[in-house]
Amino acid sequence: PPPPRRYGSAAPFIDGAVQSVADGGMLNVTCTDMAVLSGNHPETCFAKYRSMPIHKGKYLHELALRILLQSLEAQANKYGRHIVPLASFGIDFYVRVFVRVFDGKAEVKNSSLKIGSVYQSTTCPSFHIVPTGRFEGKGYKPSTTTGVGTAGACSETGSPFKIGGPFWIAPIHDLEFVDEAVRRVEKPEDYGQPHDPLPTSKRLHGLLTTVSEELSDSPLYYLLPDLAHTVKTSCPPRPAFIAALESRGYRASSTHKEADAIKTDAPNDVGKVTRWTAAEKILAVEPKFEEKFEKKKPDSHANRRKARRYPPNPEAHWGPKALAGVDLEKRAEKVASRKKRREEEREARQAGGEKRAKGGGE
């Protein structure tokens, strides 16, 4: 029999999982098909998760988490159930979410408010999040694209949008749950765990700490190098960039996966967010404010926990390993055999070509 599946998509098991877990029970779901969730195979992603990713989207890790959460919610809704995310992680080459599943048909009706789409400019990093539904008075209605671009195009560059989704737009972490997890890692003895520290405790503490610092109500993020590339300028330090946004009354934070990422509630037209091809249009618009990034650290970093954020990979060439149970020696022999056969075929073709050339010359 074939070896059990250890890598790939959890999609075939989601329907049964959301039915089996008890009311209020916790479900842990892991997907390693990042090539699918990140947009390299959008048709496969839509077939498995009923969501369209943004190919080459800079926020692909968080979008993958939100696509998975949307799939869990959609499957649970069919049975009068809904999910509440506790923590969601993009780690190495996979995504993992922890959710609680509850019964409640009344809450299921609010599902359209938690699901939405992203309108991504095709020539700059600007994007807009649009909920699938909205609540007005006593009823639910479809959302409109009012405020998204200008005449169906990006307000910054005039370019068309790519549309991704649907995906989960509500918070992907329960910050109280995450803070409790951080405290348990910091002082396990206070929780009746007198055993030796976990070998990965420092990395786990850093991951949970960065998650606890994320803005929970701002879906997706920008990459600072991508923003700086828009006008061919140097990239400001992340703390200085966050300080600049906070000084203007906006909120901003880092993310747990990308060291150069910024989550913020600031609108797209606050900064210059476009590539060089569209920079002329952006620079022609009067900015709302000018910033020299003189403040090195934002006020929100004053009481940050000491943690090992964004640790390097534990070893060189880090990535998915071979399936358990696979004989690596036999696999290597097969690869060597195929390589030798291709070389022999190439030599035979070359010899045949030389023979025909000599025959034609005679």
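The values are calculated or read from the model by the stated rules, or taken from the named source; none is laboratory data. As the structure is a computational prediction, the values presented were derived from the model and not from experiment. So basically every Cβ, Gly included, is an ideal-geometry build from the backbone, and we count neighbours across all protein chains shown. Keep in mind that these areas ignore ligands, DNA and RNA; they rest on the heavy atoms of the full protein, side chains included. Shrake-Rupley method; radii C 1.70, N 1.55, O 1.52, S 1.80 Å.
Exactly one residue among 178, 185 is under 17 Å from residue 305 (Cα atoms) and at pLDDT 95 or above, and that residue is 178. Restricting 144, 132, 200 to those that are within 23 Å of residue 59 (Cα to Cα) and polar (S, T, N, Q) reduces the list to 132.
Of everything in the stretch 116-169, what is in a loop (DSSP other than H, G, I, E, B), touching a residue at least 40 places away in the same chain (Cβ under 8 Å) and open to solvent by 20 Å² or more (accessible area, probe 1.4 Å)? Give them in sequence order.
122, 123, 155, 156, 158, 169
Pick out the one residue from 66, 100, 81 that is open to solvent by 40 Å² or more (accessible area, probe 1.4 Å), of a type outside the set (A, V, I, L, M) and touching a residue at least 60 places away in the same chain (Cβ under 8 Å). From the options 66, 100, 81, the qualifying one is 100. Residue pairs whose Cβ atoms lie under 6 Å apart, separated by 6 or more positions or on different chains, with the first residue in the stretch 240-252 and under 16 Å from residue 302 (Cα atoms) and among the β-branched types (Val, Ile, Thr) and the second in a loop (DSSP other than H, G, I, E, B) and open to solvent by less than 10 Å² (accessible area, probe 1.4 Å), are 242/298. Of all residues in the stretch 232-249, exactly one satisfies the criterion of being over 14 Å from residue 270 (Cβ atoms) and among the β-branched types (Val, Ile, Thr), namely 233. Checked against (1) touching a Pro at 6+ places or on another chain (Cβ under 6 Å); (2) farther than 24 Å from residue 220 by Cα, residue 115 passes all but condition (2). Considering only residues that are among the acidic types (Asp, Glu) and modelled with pLDDT of 90 or more, look in the stretch 248-280 and name the one that is least open to solvent (accessible area, probe 1.4 Å). Filtering the stretch 248-280 for residues that are among the acidic types (Asp, Glu) and modelled with pLDDT of 90 or more, the one least open to solvent (accessible area, probe 1.4 Å) comes out as 258.
For the stretch 36-51, a tally of residues being in contact with an Asp or Glu (Cβ under 9 Å, 6 or more places away or on another chain) and surrounded by 20 or more Cβ atoms within 10 Å (Cβ to Cβ) returns 2.
Screening 245, 207 for residues that are open to solvent by 30 Å² or more (accessible area, probe 1.4 Å) and closer than 30 Å to residue 165 by Cα leaves exactly one candidate, 207.
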